[in-house]
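Taking it in order: structure first as structure tokens, then the write-up.
The values are calculated or read from the model by the stated rules, or taken from the named source; none is laboratory data. As the structure is a computational prediction, the values presented were derived from the model and not from experiment. In this analysis, Cβ positions are derived from the backbone assuming ideal geometry, glycine residues included, and neighbour counts consider all displayed protein chains.
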Amino acid sequence: LYGENSMTNKDVKLTDGIRNEAVFNQVFSNEEIAKTFFEKFLKLKFLDFKLVNQKNEPGELATLVFPGVRFEATLDDKKKSKAAFGICLTCEKEKTIAMRLRYMDELICLGAVNKSCDPSDFPLNYLVAVSPNALYGGERRLYSFIFRDKYEPEITYDDGLYQFYLSAKGKNVEQDLNPEVEAFLDYINCDINPKSEFVKQVDLAVANLSKS
């Protein structure tokens, strides 16, 4: 369903570096890089953080392709909450990105069901789509989605699912966007910030991949 051939938007040609979906997935398969990203972006701390290989899932789940990179973690909070994380690079349009994240969420939930988890033990799900393109008119870099009641928007649908779009071409930077994450979006635009330790880490991983 998803994969390298799904990148059909012609606004950006994903031919090299971090702007290539396969390279992006390889780089973010590095647990230390992914952990650093989610710590910076979501302001979370982890007790453990590990890459999930879809091929290790039993039965039919093993044949499904997770459209990105997936992790399981235990948060360093009072409840020691279980959490799942997914991240992908995509040039797709906004509606298709939403479907991609929905698919990611469904695979994570299927995995929890397959492990006979009680619904109350389902992990918190944090899903991030990174786009080299402008989204929703190009005004912002960060879009954060949660479900709210139509008639009383202050009531949220507390299902533990958090979805984010990051746009490298967005014009406005949200105040709560971590500078290292902002530098990473600049890096996707081929603007390398030498002061960003995270960008240095990612750039080194990309260079090592190009040598292999």
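Run down 208, 193, 172 and say which single residue is modelled with pLDDT under 85 and within 17 Å of residue 36 (Cβ to Cβ).
On the way: 208 fails: modelled with pLDDT under 85; 172 fails: within 17 Å of residue 36 (Cβ to Cβ).
Going through 208, 193, 172 in turn, just one is modelled with pLDDT under 85 and within 17 Å of residue 36 (Cβ to Cβ): 193.
Taking the listed residues 167, 196, the one that is more than 18 Å from the chain's Cα centre (by Cα) and either under 28 Å from residue 108 (Cβ atoms) or not charged (D, E, K, R) (or both) is 196, with no other qualifying.
So, restricting to strands (runs of 3 or more DSSP E) that lie completely within the range 99-212, which ones have at least 2 residues that are under 18 Å from residue 44 (Cβ atoms) and among the aromatic types (Phe, Trp, Tyr)? Please lay out each step first, then the result.
On the way: elements: 124-131, 142-145, 161-167.
Hits in the range 99-212: 161-167.
A quick yes/no check of all residues on (1) within 21 Å of residue 181 (Cα to Cα); (2) at pLDDT below 95; (3) surrounded by fewer than 17 Cβ atoms within 10 Å (Cβ to Cβ); (4) among the acidic types (Asp, Glu):
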position: 2; (1), (2), (3), (4): no, yes, no, no
position: 16; (1), (2), (3), (4): yes, yes, yes, yes
position: 38; (1), (2), (3), (4): yes, no, no, no
position: 87; (1), (2), (3), (4): yes, no, no, no
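Of the set (1) within 15 Å of residue 24 (Cα to Cα); (2) without any contact (Cβ under 8 Å) to a residue 40 or more places away in the chain; (3) out of contact with any helix residue (DSSP H, G or I) (no Cβ under 8 Å at 6 or more places or on another chain), all apply to residue 159 but (1).
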